[in-house]
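Chemist: The structure is given below, and queries will be raised subsequently.
The values are calculated or read from the model by the stated rules, or taken from the named source; none is laboratory data. For clarity, every value in this text was computed on a predicted model and none was experimentally measured. Every residue, glycine as well, gets a Cβ built from its backbone with ideal geometry; the counts of neighbours run over all protein chains shown.
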Amino acid sequence: MPQPLPEASSTPAADPLARLASSLDGGGRAKGLPPVERWNPPYGGEIDMRIAADGTWFYKGSAIARPALVKLFSSVLRRDSERFVLVTPVERLGIAVEDAPFLAVEMAVEGEGDTRLIAFRTNVDDLVAVGPDHPLRFARAEGDAVKPYILVRGALWARLTRALTYDLLELGEEREVSGTALFGVAAASQFFPVAPASEIAGL
């Protein structure tokens, strides 16, 4: 049976996760996202926390079952040059991320072509609209499948679920860019290439 996570008030000095929760004092999204990009506390080492490729957060091998706790910790997640870290004003703690830290689980589309608006909701309730500040990028997975991502904030990306991947690619079209025929998705007056049009049969 999975062990319950320690409450923020229980022995904060003994457990790094409890210490982290205690230092955040139950804040987070209710007060807006903390300014983690401006914090530069000392690095406190790695903790046994992992974000799986499907967006599930684990601590000491057990899934974190409380969505509010996941949202709290996601609000202080940052990507440094060498690792993902949870940041408070007093320390940084390294965690493992298998793919992207977030998962895009819902998509809304309005309009067509270059003026099309596309927005996503992540598994931790970030709301982001595709555009210059939140671009799309596409990678190739095993078997040459396409893996779309949207930038959420900082250097933190959300990977689209498989269902949303199909929905997004349904919006794709072929365009010539710098003399090359590309298949991609248009949104917010931008064109986001997915792959060369010659490879589209393999997507």
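Chemist: I'd like the full set of residues that are among the acidic types (Asp, Glu) and either more than 21 Å from Asp54 (Cβ to Cβ) or out of contact with any strand residue (DSSP E or B) (no Cβ under 7 Å at 6 or more places or on another chain) (or both), limited to segment 121-162.
Modeler: Applying the first criterion (among the acidic types (Asp, Glu)) to segment 121-162 yields 125-126, 133, 142, 144.
Matches in segment 121-162: Asp125, Asp133, Glu142, Asp144.
Chemist: Would you mind stating whether Ser62 is in contact (Cβ under 8 Å) with a residue 60 or more places away in the chain and hydroxyl-bearing (Ser, Thr, Tyr)?
Modeler: Criteria met by Ser62.
Chemist: Given the condition farther than 25 Å from Ser189 by Cβ and of a type in the set (S, T, N, Q), answer yes or no: does some residue in segment 113-122 qualify?
Modeler: no
Chemist: Here is a follow-up. Where in segment 60-132 are there strands (runs of 3 or more DSSP E), lying wholly inside it, with at least 2 residues that are at pLDDT 95 or above and more than 30 Å from Glu170 (Cβ to Cβ)? Write out each step before concluding.
Modeler: Details: elements: 77-79, 84-87, 92-97, 102-110, 117-122, 127-129.
Per the criteria, 77-79, 84-87, 92-97.
Chemist: Another question about this same structure. Out of Leu160, Leu169, which single residue is within 24 Å of Trp57 (Cα to Cα) and surrounded by 17 or more Cβ atoms within 10 Å (Cβ to Cβ)? Explain how you work it out, then say what you get.
Modeler: Numbers: Leu169 fails: within 24 Å of Trp57 (Cα to Cα).
The match here is Leu160.
Chemist: State yes or no: is Ala30 assigned to a helix (DSSP H, G or I), surrounded by 18 or more Cβ atoms within 10 Å (Cβ to Cβ) and at pLDDT below 95?
Modeler: Details: assigned to a helix (DSSP H, G or I): yes; surrounded by 18 or more Cβ atoms within 10 Å (Cβ to Cβ): no; at pLDDT below 95: yes.
Spelling it out, it is not the case that Ala30 is assigned to a helix (DSSP H, G or I), surrounded by 18 or more Cβ atoms within 10 Å (Cβ to Cβ) and at pLDDT below 95.
Chemist: Still on this structure, I have one more. Condition test on Arg137, is it touching a residue at least 60 places away in the same chain (Cβ under 8 Å) and within 16 Å of Pro101 (Cα to Cα)?
Modeler: no
Chemist: Follow-up. Which of the following residues is closer than 30 Å to Phe191 by Cβ and in the same structural domain as Glu46 (by TED's automatic domain parsing): Arg92, Arg79?
Modeler: On the way: Arg92 fails: closer than 30 Å to Phe191 by Cβ.
Result of the check over Arg92, Arg79: Arg79.
Chemist: Given the criteria touching a residue at least 60 places away in the same chain (Cβ under 8 Å) and either crowded, with 17+ Cβ neighbours inside 10 Å or among the β-branched types (Val, Ile, Thr) (or both), does Leu103 qualify? Before the answer, list the steps.
Modeler: On the way: touching a residue at least 60 places away in the same chain (Cβ under 8 Å): no; either crowded, with 17+ Cβ neighbours inside 10 Å or among the β-branched types (Val, Ile, Thr) (or both): yes.
For Leu103, the condition - touching a residue at least 60 places away in the same chain (Cβ under 8 Å) and either crowded, with 17+ Cβ neighbours inside 10 Å or among the β-branched types (Val, Ile, Thr) (or both) - is not met.
Chemist: Could you check how many residues of segment 164-186 are over 14 Å from Tyr149 (Cα atoms) and in contact (Cβ under 8 Å) with a residue 12 or more places away in the chain?
Modeler: Here is the first cut: in segment 164-186, the residues over 14 Å from Tyr149 (Cα atoms) are 170-183, 186.
Next, only the ones that are in contact (Cβ under 8 Å) with a residue 12 or more places away in the chain stay: 171-175, 177, 180-183, 186.
The total comes to 11.
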